[in-house]
Amino acid sequence: MTVYSAKRRPGDLTGCGWYEILPAPDPTCELEGHVKADWVIVGGGFAGLAAARRLTQLRDGDRIVLIDAQRVGWGAAGRNSGFMIDLPHELNSESYAGAEEEDRKQIRHNRAAIDFTREAVEEYGLQQYFSPCGKYHGAADRAGGKALEAFTRHLDGLQEPYTRLDAEDMQRITGSDFYVGGIHTPGAAIIQPAGYVRGLARSLADRITIHENSPVVRIETGTEHVVHTPNGRVSARHVILAVNGQVESFGLYRRRLMHVYTFASMTRALTAAQQKSLGGAPEWALIPADPMGSSVRRIREGRMVIRNTFTYNPDMETSEHQIARIGRAHDRSFAARFPMLSDAEMEYRWGGHLCLSLNSVPAFGEIEERLYTACCQNGLGTVKGTLSGMLIADLAAGANNPLVDEIRSFDEPRRLYPEPFMTLGAHAKLWWMQRRAGRDL
Ligand SMILES: Cc1cc2nc3c(=O)[nH]c(=O)nc-3n(C[C@H](O)[C@H](O)[C@H](O)COP(=O)(O)OP(=O)(O)OC[C@H]3O[C@@H](n4cnc5c(N)ncnc54)[C@H](O)[C@@H]3O)c2cc1C
């Protein structure tokens with residue numbers, strides 16, 4: 001028997017706009033007492049929910065229990081900017097692109113995840129949270145323009161379609177004269193992240209049992225694994241850990257995962273006068289030409305959302321102070337783009353956890369008999385989390401899916417550099433990359 005004790009629990013702070021603008025969630029059902037099941041999934045983000053949905057398809061009648069330490073949608077799955085990106089999106093590069101063969105594989109994987117999400121959206125009637133509208137890339141200056149040129153050459157090589165946009169087009173769409181040019185790529189889908197994951201969980205709840213506010217504190221493995229929370233336990237033959245970076249709290253993948261935070265602010269609903277002075281299209285989603293720049297969305301609820309700044313937080317926590325400090329950077333970036341909205345106040349500000357590996361691979365697989373991990377989504381968890389959840393369920397249930405072999409052929413997450421070099425190096429690299437993003441930030 002092996003015992004995995006969690007040294008930390010997730011504790012995402014209040015203030016996430018996506019969650020707050022939704023109606024109040026249903027009451028929680030915390031885990032209490034001893035429950036028996038066939039499967040336990042730990043984590044109700046993209047990976048955990050995708051695994052749960054896939055298992056209901058593969059193992060009709062099996063008892064599936066999903067446990068989350070927080071409310072579903074409260075963690076990173078409900079905090080992100082909602083870009084489900086099909087194309088290469090290597091955050092650690094100058095223009096998102098990587099090696100061509102690897103990128104073709106990534107596109108195939110990302111599209112499988114978007115298709116899975118589209119099917120779930122249709123099956124459960126979640127269309128209000130999902131829009132297959134593609135994404136804009138905006139260049140704020142000549143350097144951004146050059147990065148986009150490099151990206152479009154790469155897309156040409158991959159034979160992927162896109163539309164070039166000039167400054168006038170960008171202003172017609174965003175209302176802002178900030179962007180000197182851009183492109184539109186049609187394959188991305190955009191979600192209201194908290195709405196989507198909460199809707200998915202609620203729809204699955206008639207086939208699986210969901211316990212929220214129930215942090216898993218210990219897992220004991222055996223003929224049946226036993227998953228403990230402070231007030232209860234579940235025994236099951238199969239356990240899937242879908243907790244992203246928190247997997248390291250259980251002593252797994254130690255010193256192989258990088259814990260990075262990124263931050264967002266959301267305005268109040270714009271008044272009719274503010275909407276008029278802004279102009280542009282009523283809904284759009286834009287990522288920066290430089291991966292370290294600001295992504296911006298105008299959402300159907302009449303609000304704007306801006307995200308920027310990456311920080312290295314190896315203790316997996318942010319603070320009100322850090323969120324407030326980065327909020328001032330959001331205000332500066334927002335004012336530079338939308339001077340006509342100088343009276344538009346930010347109503348919500350938040351930060352959230354990304355988990356990356358040095359070699360951009362997931363922490364995926366069977367780590368002990370019938371104990372599986374689907375973690376480390378390298379900053380693109382809407383698609384990579386969904387994919388790893390689908391595929392871990394396929395692997396665990398013995399379903400035949402060639403994508404399982406592809407994801408298993410990746411290397412292990414590479415070991416981090418020794419301390420203090422790792423932390424100093426990560427801070428320095430992020431600082432330098434964000435400085436280099438220049439006006440795109
Ligand atoms: C501001 C921001 C913007 C982002 N923008 C994008 C974007 O536009 N597109 C994109 O693809 N990605 C984006 N991301 C990243 C994306 O949100 C994550 O990659 C994704 O949420 C990871 O999915 P996951 O299911 O693996 O993990 P998570 O979403 O982190 O879910 C893991 C769940 O496990 C639970 N958990 C952890 N430990 C325990 C425990 N001990 N017991 C029980 N439950 C536990 C957590 O509470 C959590 O709900 C963004 C992230 C942030 C913060």
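The values are calculated or read from the model by the stated rules, or taken from the named source; none is laboratory data. Just so we're clear, the structure is a prediction, and the values are computed from it rather than from any experiment. Positions of Cβ are backbone-derived with ideal geometry, glycine not excepted, and every protein chain shown enters the neighbour counts. Heavy atoms of the whole protein, side chains included, go into the accessibility calculation; ligands, DNA and RNA do not. Shrake-Rupley method; radii C 1.70, N 1.55, O 1.52, S 1.80 Å.
Scan region 262-283 and tell me whether some residue there is under 25 Å from GLU412 (Cα atoms), touching a Phe, Trp or Tyr at 6+ places or on another chain (Cβ under 7 Å), of a type outside the set (Gly, Ala, Ser) and open to solvent by 10 Å² or more (accessible area, probe 1.4 Å). Reasoning before the result, please.
Within region 262-283, the subset under 25 Å from GLU412 (Cα atoms) is 262.
If we keep only those that are touching a Phe, Trp or Tyr at 6+ places or on another chain (Cβ under 7 Å) too, we end up with 262.
Right, trim to of a type outside the set (Gly, Ala, Ser) and you get 262.
Retained after the next criterion (residues that are open to solvent by 10 Å² or more (accessible area, probe 1.4 Å)): 262.
Yes, the conditions are met somewhere in region 262-283.
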Query raised in the report: What's the number of the condition SER176 fails, among (1) farther than 30 Å from LEU356 by Cα; (2) open to solvent by less than 20 Å² (accessible area, probe 1.4 Å); (3) within 15 Å of the ligand (Cβ to nearest atom)?
Result: (3)
Report task. Might you check whether a residue that is within 14 Å of the ligand (Cβ to nearest atom) and either outside any loop (DSSP other than H, G, I, E, B) or in contact (Cβ under 8 Å) with a residue 24 or more places away in the chain (or both) occurs anywhere in region 267-276? Result -> no
Report task. Give region 181-190 a look and list any residue that's in contact with a helix residue (DSSP H, G or I) (Cβ under 6 Å, 6 or more places away or on another chain) and surrounded by 24 or more Cβ atoms within 10 Å (Cβ to Cβ), or say none. Result -> GLY182, ALA189
Query raised in the report: If you scan region 373-404, which residues turn out to be assigned to a loop (DSSP other than H, G, I, E, B) and in contact with an Asp or Glu (Cβ under 7 Å, 6 or more places away or on another chain)?
Result: ASN401
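Sort through ARG307, ARG349 and tell me the only one that's open to solvent by 50 Å² or more (accessible area, probe 1.4 Å), within 14 Å of the ligand (Cβ to nearest atom), in a strand (DSSP E or B) and at negative phi.
The unique qualifying residue is ARG349.
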Query raised in the report: In region 401-435, what count of residues is obtained for those that are open to solvent by 80 Å² or more (accessible area, probe 1.4 Å) and more than 25 Å from VAL243 (Cα to Cα)?
Result: 6
Query - strands (runs of 3 or more DSSP E) wholly inside region 20-89 that include at least 3 residues being open to solvent by 10 Å² or more (accessible area, probe 1.4 Å) - result: 33-36
